[in-house]
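Report on one structure; see the data block that follows.
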Amino acid sequence: MVRPADAAGPRQMKRMEPMLLRRLAETLRAGGIEDAELEAKWITEDAASEADALEIAQRRAKHEPLQYLLGTWEFYGLPFCVGEGVLIPRADTETLVDAVRMRIPDAAGQQIADLCTGSGCIALALAAHMPLTQFTGIDISGQALQYAQKNIALNGARNMRTECADVLAGETAAQYHGLAAVVCNPPYLTAEDMQNLQAEVRYEPALALFGGTDGLDFYRRITALWRGALAEGGLLAFETGCTQGDAVRELLSDNGFHETEILRDLSGNPRVVLGRK
Ligand code: GLN
């Protein structure tokens, strides 16, 4: 695991005690944490005291996500508050941000909706680079939106707001017209994936992970429902699971989207599906 550079809070412990570091690393290793030394170092950089550091290491050894324990994580070079109740931003998702930035020039008065916004990381990463565009992050989870609100403040974003609503409901989509883009990293894990979750991912909200039996429920509904919210030529941009690209691209074509594309993430996996209205 690579901890992004600037995600750490202010360094609380001035001097890293070699003894403490060793103790933390041993605790982590005993729990089967792979990068024990590295994570021990990050924990000392964030913890308020030795006792705090030890408690974090003990919880981490039980595979609580390090990101939740530290409370902040970096995405697209920006800091994000995270914790139980919200999906942790993944590096793979930066491919979706790049794809939208490359295709939609910033323009005054232009609007983009980020469906299933969670921590708000996609909309806020775009908002930082597209200051004239207005972003709305929509999510059904009030708990997730509390993180999104914190992250709007943390990043000083003036061009993002949130809406608590069901993106699969017709009345939500009907409120939006003339959007330059609809971006979305929906829940896309299959019923089978949910049975085989990594220990860390079990701490993340199922609401943000489970996409129905074949993982495609959100793509089906959103592609049909949100087409009307886009401007002519507007971009629909999805993150997908690495085996779902072809199926999602076909859904877009079936719903009248043009110029459909599948893009790969930095690991070389199909990760983003795009189409134009
Ligand atoms: N990328 C996440 C995972 O692999 C899934 C998130 C999602 O369903 N959008 O756990």
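Assorted remarks:
- Sum of -39500 (n - 2.57) over DSSP H runs of 4+, divided by residues of the chain (222 nm, nearest 500): -10500 deg cm²/dmol
- The slack in the chain from Ala153 to Lys41, taken as 0.36 nm per residue of separation less the alpha-carbon distance, amounts to 37.5 nm.
- The chain, relative contact order in percent, only Cα pairs under 8 angstrom and at least six apart counted: 15
- Of all aspartates and glutamates in the structure, those lying under 18 Å Cα to Cα from Lys41, and not within fewer than 8 positions of it along the same chain, are Asp6, Glu17, Glu26, Glu50, Asp52, Glu55, Glu64, Glu74.
- Sites matching trypsin sites (Lys or Arg not before Pro) across segment 130-224 that sit in DSSP coil, with at most 14 neighbouring C-beta atoms within 10 Å: Arg158
- Relative frequency of Cα-Cα separations exceeding 17 Å in segment 208-259, percent: 32
- Spatial separation of Cα centroids for segment 17-64 and segment 200-254, in angstrom: 37
- When the chain is described by a simple charge dipole with +1 on each Lys and Arg Cβ and -1 on each Asp and Glu Cβ, the residue from Cys242, Leu216, Ala108 located farthest towards its positive end is Ala108.
- Taking every DSSP bridge with both residues inside the chain, close to 40 percent are antiparallel.
- Förster radius 41 Å - calculated FRET efficiency between Glu17 and Cys242, Cβ distance, rounded to 0.05: 0.45
- Amide H contacts for Arg271 (H built 1.01 Å from N in the peptide plane; partners 5 or more residues away or on another chain; cut-off under 5 Å): Leu263, Arg264, Asp265.
- Separation of the Arg101 and Leu197 label points, Cα + 7 Å toward Cβ, nm: 3.0
- Using heavy atoms of the protein chains and a probe of 1.4 Å, the accessible area assigned to Arg22 is about 130 Å².
- The length gained by stretching the chain between Glu261 and Glu171 to full extension, at 0.36 nm per residue less their Cα-Cα distance, is 29.5 nm.
- GluC sites (Glu not before Pro) restricted to segment 15-53 and DSSP loop, no more than 13 other C-beta within 10 Å: Glu34
- Segment 58-140: GluC sites (Glu not before Pro) falling in loop per DSSP and having at most 15 other Cβ within 10 Å: Glu84
The values are calculated or read from the model by the stated rules, or taken from the named source; none is laboratory data. Model, not experiment: these values are computed from the prediction. With ideal geometry, Cβ positions are generated from the backbone for all residues, glycine too; neighbour counts draw on all protein chains shown. Just the protein is used for accessible areas: all its heavy atoms, side chains included, with ligands, DNA and RNA removed. Shrake-Rupley method; radii C 1.70, N 1.55, O 1.52, S 1.80 Å.
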